[in-house]
1. Does Arg68 meet the test of being open to solvent by 80 Å² or more (accessible area, probe 1.4 Å), of a type in the set (D, E, K, R) and either in contact with a Leu (Cβ under 7 Å, 6 or more places away or on another chain) or under 28 Å from Tyr135 (Cα atoms) (or both)?
2. Could you list, ordered by first residue, the pairs with Cβ atoms under 9 Å in which the first is in segment 12-23 and closer than 16 Å to Glu103 by Cα and the second is of a type outside the set (A, V, I, L, M) and part of a strand (DSSP E or B), at least 6 apart or interchain?
3. Just to check your reading of the model, which residue among Phe108, Phe93 is under 15 Å from the mean Cα position of the chain (by Cα) and within 30 Å of Ala9 (Cα to Cα)?
4. Here are some conditions: (1) under 30 Å from Phe27 (Cα atoms); (2) touching a helix residue (DSSP H, G or I) at 6+ places or on another chain (Cβ under 6 Å); (3) open to solvent by 50 Å² or more (accessible area, probe 1.4 Å). Val113 meets all but one. Which one does it not meet?
5. Before we move on, is Phe130 hydrophobic (A, V, I, L, M, F, W, C) and modelled with pLDDT under 85?
6. Looking only at segment 41-57, which residues are open to solvent by less than 60 Å² (accessible area, probe 1.4 Å) and either more than 24 Å from Pro125 (Cα to Cα) or at pLDDT 85 or above (or both)?
7. Being open to solvent by 60 Å² or more (accessible area, probe 1.4 Å), at pLDDT below 90 and either within 18 Å of the chain's Cα centre (by Cα) or among the aromatic types (Phe, Trp, Tyr) (or both): is that true of Ile79 here?
8. So, in segment 72-118, how many residues would count as being in a loop (DSSP other than H, G, I, E, B) and either at positive phi or aromatic (Phe, Trp, Tyr) (or both)?
Amino acid sequence: MEDVVYGAAAFFPLDKNGQRFTSYLAFFGLSCYLTLLTIPFLTMLICGLKSWKKVRCLLDHGESEFARNLQMQLYKALIAQTVLPVVFFFIPFGFIFILPIFEIDCQFMAAPVTLVFAIYPALDPLPTLFFVDYYRNAIFEVFQCKKVRIEGTVDESVSRAYQTTV
């Protein structure tokens, strides 16, 4: 444990007389962190809005039902993959860095946030695997569950060997 590096911010440390003072350096570090946290968050929001506009336009251009269905599946997977980092990264890390300003002990959050940070790479592909019919059906096939035909397909090569659902 002596080789582990810890980082923390003391926003209101004690001076040599035992009096509390505001550490502007700690607040500067927090503002740097929040800036670094805001850049990818805004990037996700902007790209999400642009993707939403593109998908909305694609659905209005009269493509085949199969193409529309696939676009919607990919779009739903994209939304889910956007929500995952917000829930598992931005919100918990934001709390861990903001709560000490109000002198709220957030040590109880350290272990779960570390665990979530470690398992996130395994969680990231799950929305695509479950929202896109091709992947979901392949998973069901591996686990020998009932296969579901992709809605709106008329191409026999796509729906071959799948049970028709009503």
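1. On the way: open to solvent by 80 Å² or more (accessible area, probe 1.4 Å): no; of a type in the set (D, E, K, R): yes; either in contact with a Leu (Cβ under 7 Å, 6 or more places away or on another chain) or under 28 Å from Tyr135 (Cα atoms) (or both): yes.
For Arg68, the condition - open to solvent by 80 Å² or more (accessible area, probe 1.4 Å), of a type in the set (D, E, K, R) and either in contact with a Leu (Cβ under 7 Å, 6 or more places away or on another chain) or under 28 Å from Tyr135 (Cα atoms) (or both) - is not met.
2. Correct list of pairs: Phe12/Arg20; Pro13/Arg20; Leu14/Arg20.
3. When all the criteria are applied, what remains is Phe93.
4. That leaves (3) as the condition not met.
5. In short, no.
6. So in segment 41-57, the residues open to solvent by less than 60 Å² (accessible area, probe 1.4 Å) come out as 44, 48, 51, 55.
If the condition is that a residue be open to solvent by less than 60 Å² (accessible area, probe 1.4 Å) and either more than 24 Å from Pro125 (Cα to Cα) or at pLDDT 85 or above (or both), then Met44 is the only one that fits.
7. Working: open to solvent by 60 Å² or more (accessible area, probe 1.4 Å): yes; at pLDDT below 90: yes; either within 18 Å of the chain's Cα centre (by Cα) or among the aromatic types (Phe, Trp, Tyr) (or both): yes.
Spelling it out, Ile79 is indeed open to solvent by 60 Å² or more (accessible area, probe 1.4 Å), at pLDDT below 90 and either within 18 Å of the chain's Cα centre (by Cα) or among the aromatic types (Phe, Trp, Tyr) (or both).
8. 1
The values are calculated or read from the model by the stated rules, or taken from the named source; none is laboratory data. What you see is a predicted model; the values in this text were computed from it and never measured. When we count neighbours, we look across all protein chains shown, and the Cβ atoms used for this are built from the backbone with ideal geometry, even at glycine. Surface accessibility is based on the protein's heavy atoms, side chains included, excluding ligands, DNA and RNA. Shrake-Rupley method; radii C 1.70, N 1.55, O 1.52, S 1.80 Å.
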